[in-house]
Structure formats: C-alpha cells, structure tokens
Amino acid sequence: MIHIPKAEYSRRRKALMAQMEPNSIAILPAAAVAVRNRDVEHVYRQDSDFQYLSGFPEPQAVLVLMPGRVHGEYILFCRERNAERELWDGLRAGQEGAIRDFGADDAFPITDIDDILPGLIEGRDRVYSAMGSNPEFDRHLMDWINVIRSKANLGAQPPNEYVALDHLLHDMRLYKSAAEVKVMREAARISAQAHVRAMQASRAGLYEFSLEAELDYEFRKGGAKMPAYGSIVAAGRNSCILHYQQNDAVLKDGDLVLIDAGCEIDCYASDITRTWPVNGKYSAEQKAIYELVLAAQEAAFAEIAPNKHWNQAHEATVRVITAGLVELGLLQGDVDELIASEAYKAFYMHRAGHWLGMDVHDVGEYKVGGEWRVLEVGMALTVEPGIYIAPGNQNVAKKWRGIGVRIEDDVVVTKSGCEILTQGVPKTVAEIEALMAQARTQAA
Ligand code: GLY
Ligand code: MN
Ligand code: MN
C-alpha cells in the first residue's frame with residue numbers, strides 16, 4: 001500500500017514548530033467518533049490537521065507541540081491499552097505505541113489530560129489551536145487555561161496570546177511534497193479505474209446506484225477505505241443538480257449520466273467527473289455540449305503553471321464556454337458583454353476548481369493580500385468546468401434541456417505547467433464511445 005512515510009510526519013512537525021513563535025504551544029484534537037444511530041458509529045475518519053501532523057489513526061487523542069521543550073517537543077495524549085475493549089473494538093497503540101510507532105517524545109493516557117495539560121501550557125506565552133472549528137474542544141482549552149488562572153496567586157502564568165493555527169498549518173498543507181503527490185497519484189489511479197468500470201457497466205434499465213456499486217467495488221479493491229466525498233451518480237436531468245446524491249433513479253436510453261466520484265488513500269482525496277451516454281453513443285446535442293466543456297477544460301490546463309494566478313484557469317473556462325454557448329445559439333449577444341454581465345452563469349454557475357489534498361475542498365487561501373494567489377510548484381487543484389441546461393429553461397430549444405455535463409480532473413503544478421493525475425479515464429467522445437462499445441461486444 002502506498003502511504004505517507006513516518007519520517008514525513010516528523011518533518012512536518014519540525015517545519016511547523018520552526019514557524020511557531022518562541023515559547024509557544026500548539027494543541028490539536030483528533031476527530032470525534034460520530035454516532036450514526038443508537039450504538040452504530042460512522043466509519044472513523046481522522047481530522048485532517050491532526051492526521052497531517054501525526055499519522056495517528058485513533059480517536060480520543062490530543063497532539064501537543066512544544067518547541068524547545070527539553071523533555072520532548074511532541075506529546076501525544078491517547079487511549080490506554082485495554083484488553084477488554086481491544087477484544088471488542090480492535091487494537092490500540094497505547095502510550096508505548098505512540099512513542100515507538102508514531103514518534104511521540106512523550107505520551108500520556110487521554111484520561112489524565114485535565115491533570116497534565118494545564119501544567120504543560122503554564123509558562124508558555126502563546127497557544128496555537130484551531131479556534132472556532134471545534135466548540136467542544138475550545139471549551140476544554142478554556143477550562144485548562146482557567147485551571148492555570150485559578151493558581152495565579154501561587155505564581156502560575158497563563159498564556160496571554162491565543163492564535164489560530166490554521167494560517168501556518170494550512171499554508172503548509174497547500175504545498176504537496178513528493179510523497180503526498182505519490183499518494184494522490186495512487187488515489188487518482190484507483191478512481192480513474194472506477195470510472196472506467198462504471199462506463200463499461202453502463203446500460204439502460206440499470207439504476208444510478210448500480211453504477212455507484214461499480215465505483216465502490218474498485219475503490220475498496222484498490223485499498224481505499226472510503227470515497228473522499230459522497231459519490232454523485234446523476235442520470236438525465238439529475239445531472240443538472242450540482243450536488244445530487246440520491247443516486248436511485250433509473251438509467252434511460254438516450255440520457256447522459258454524470259459521475260463525480262473519487263476515493264481517498266491515506267487521507268488524500270481524488271475528485272473525478274466524467275459524463276457519458278447511458279447507451280454508449282452521444283446524441284448531436286450531448287456531443288456539442290460535451291466537446292465545449294472539454295475545450296474549456298483544455299484551455300484551463302494551459303493556464304496552470306508557476307507564476308500564473310489562481311483565477312486564470314477559471315477565466316479561461318468562462319471565455320470558452322460563453323463563446324461556445326453563443327455559437328450554439330444558447331446565448332445571444334456579444335461575448336465580452338455576456339461575460340461582464342455574467343450571463344453564462346445560467347449554464348455555468350460554479351468555479352473551475354478548488355484546492356485538493358487531504359480534504360476534497362482542501363485548505364489554503366485563494367487570495368493573498370486581496371490578490372488571487374500565484375500558483376507554485378506542488379499546489380494541487382481540480383479543473384472542472386461544466387454546462388448545465390436546466391430542464392425548465394424556456395429560453396433554449398427543447399432539444400437542449402436537461403443536458404448536464406461536467407469534466408473534472410486533478411492536477412499538480414509542476415515547474416513547466418501541471419501534471420494531470422487522473423489521465424487514466426478516457427475523455428474524448430471517440431475514446432469514451434470506443435471503450436463502451438468494446439465493453440458491449442465483450443458482454444454480448
Ligand atoms: N465533488 C465535489 C466537487 O467536485 O467539488
Ligand atoms: Mn468532483
Ligand atoms: Mn471538485
């Protein structure tokens with residue numbers, strides 16, 4: 001299995017600590033277990049920030065970084081070993097494992113945190129935490145600080161600065177290392193294979209969930225624990241619902257099906273969309289819209305390189321799509337004016353992409369000092385233009401209504417441009433029709 005090597009977690013902690021102010025402390029909680037219903041839990045997914053710095057997969061843990069602490073800079077609070085619980089729920093690292101296998105300098109039982117953590121915080125000037133994103137943890141943090149305050153008359157020194165960790169940590173997460181790109185390539189490869197499988201299985205009379213099952217099969221077979229987000233399998237007019245997730249409609253002859261799905265490997269997401277005809281052959285109108293979206297995507301790729309800014313790729317897609325919609329008679333008027341008045345938004349209402357990483361809509365600022373961010377080597381993003389012609393759009397001829405097309409790939413900025421991680425799924429009309437025709441011949 002391809003994964004982030006242990007040494008990389010240690011490098012990340014050191015890099016973060018090097019940016020923290022002297023005499024400070026950073027405190028991050030693991031994700032809570034989410035109850036699904038009664039005594040059934042959702043599949044556990046570690047918090048991305050916590051995972052980024054620790055690789056520690058368990059709930060009920062708190063990570064503490066104390067740059068310059070003589071007795072160890074990295075402290076992990078985690079569950080104790082417990083033979084009875086481990087028999088029922090699985091192995092735990094315990095404090096020994098936290099040190100031996102996860103590089104902690106010191107480890108304590110999570111049940112002792114209220115007794116130990118105030119003593120660690122005391123005397124540090126500044127506390128870094130994810131303030132605001134986890135109200136329950138914020139309350140705990142205040143409780144620990146108040147323990148120190150209550151001892152002020154004994155000389156205890158509470159910190160006087162509370163700083164959001166996000167700014168430092170999320171900027172680090174924006175730049176992907178070679179090891180991260182390797183994991184993302186693997187997630188992309190498996191997801192590409194899943195889309196191919198769904199294309200091959202596509203038949204009128206099946207359901208949207210039938211194709212979702214094909215995706216899930218490839219994800220799990222590839223070693224992914226779960227999809228990176230709820231898979232969108234949207235046939236016919238459902239393709240015009242951007243975040244459709246019902247996935248229970250029947251696939252009809254003559255309809256398109258839009259699939260937006262990607263798996264997660266070692267907590268790194270992939271995010272692919274393809275749109276293909278249920279019966280294996282695009283109609284003239286479907287093909288026209290599809291090829292326009294594809295041209296927009298190609299134009300966007302050309303705008304992704306170091307020193308180009310974040311919005312250039314989006315602007316390129318807007319121009320190609322608006323001009324194309326005019327050519328097809330779906331919009332009327334001057335292209336520049338239609339762009340200025342945002343007339344294209346009736347058909348293309350989302351952005352051309354987002355940062356991609358441990359979160360599918362990954363962290364990292366899109367603007368710096370009020371200006372669009374300039375792209376740099378190692379930034380990962382999606383490129384996903386789309387055109388959605390609402391079923392009820394009375395301004396266009398009937399033949400166009402209900403067509404929704406999105407094409408989405410994942411890229412990493414390289415020295416000379418970008419690497420497309422998701423090349424493994426066919427994309428041109430000819431390639432997709434050929435793949436689907438071959439699958440039908442083999443099945444017959
Ligand atoms: N799957 C969500 C997105 O493409 O942004
Ligand atoms: Mn997507
Ligand atoms: Mn996306």
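Numbers at a glance
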read-out: For GLY378: the one exception among (1) within 16 Å of ligand 1 (Cβ to nearest atom); (2) open to solvent by less than 10 Å² (accessible area, probe 1.4 Å); (3) in contact with a Ser or Thr (Cβ under 9 Å, 6 or more places away or on another chain); value: (1)
read-out: Residues of the range 63-106 satisfying the condition of being among the hydrophobic types (A, V, I, L, M, F, W, C) and closer than 14 Å to ARG13 by Cα; value: LEU63, VAL64, LEU65, MET66, ILE75, LEU76, PHE102, ALA104
read-out: Lone unmet requirement of (1) surrounded by 22 or more Cβ atoms within 10 Å (Cβ to Cβ); (2) within 16 Å of ligand 1 (Cβ to nearest atom) for MET226; value: (1)
read-out: The range 382-405: number of residues that are open to solvent by 10 Å² or more (accessible area, probe 1.4 Å) and either within 16 Å of ligand 1 (Cβ to nearest atom) or under 19 Å from GLY262 (Cβ atoms) (or both); value: 1
read-out: So MET184, is it of a type outside the set (D, E, K, R) and surrounded by 20 or more Cβ atoms within 10 Å (Cβ to Cβ); value: yes
read-out: Any hit, the range 345-358, residues being touching a residue at least 24 places away in the same chain (Cβ under 8 Å) and away from ligand 1 (no atom under 16 Å from the Cβ); value: yes
read-out: Any hit, the range 190-209, residues being within 16 Å of ligand 2 (Cβ to nearest atom), of a type in the set (A, V, I, L, M), farther than 23 Å from VAL429 by Cβ and touching a residue at least 40 places away in the same chain (Cβ under 8 Å); value: yes
read-out: Strands (runs of 3 or more DSSP E) wholly inside the range 371-417 that include at least 1 residues being away from ligand 2 (no atom under 16 Å from the Cβ); value: 409-413
read-out: Strands (runs of 3 or more DSSP E) enclosed by the range 214-286 - at least 3 residues per element that are of a type in the set (A, V, I, L, M); value: 232-235, 256-261
read-out: Subset of the range 318-350 [of a type in the set (D, E, K, R) and assigned to a helix (DSSP H, G or I)]; value: ARG319, GLU327, ASP336, GLU337, LYS345
read-out: Residue tally, condition open to solvent by 60 Å² or more (accessible area, probe 1.4 Å), farther than 22 Å from ALA269 by Cα and in contact (Cβ under 8 Å) with a residue 24 or more places away in the chain, over the range 33-67; value: 1
read-out: Single residue of the range 354-368 satisfying the filter (more than 20 Å from HIS3 (Cα to Cα) and within 16 Å of ligand 2 (Cβ to nearest atom)) that is surrounded by the fewest Cβ atoms within 10 Å (Cβ to Cβ); value: HIS361
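The values are calculated or read from the model by the stated rules, or taken from the named source; none is laboratory data. Here the structure is a predicted model, which means the values were calculated and not measured. All Cβ positions, glycine included, derive from the backbone under ideal geometry; neighbour counts span all protein chains shown. Only protein heavy atoms, including side chains, enter the accessible area calculation; ligands, DNA and RNA are left aside. Shrake-Rupley method; radii C 1.70, N 1.55, O 1.52, S 1.80 Å.
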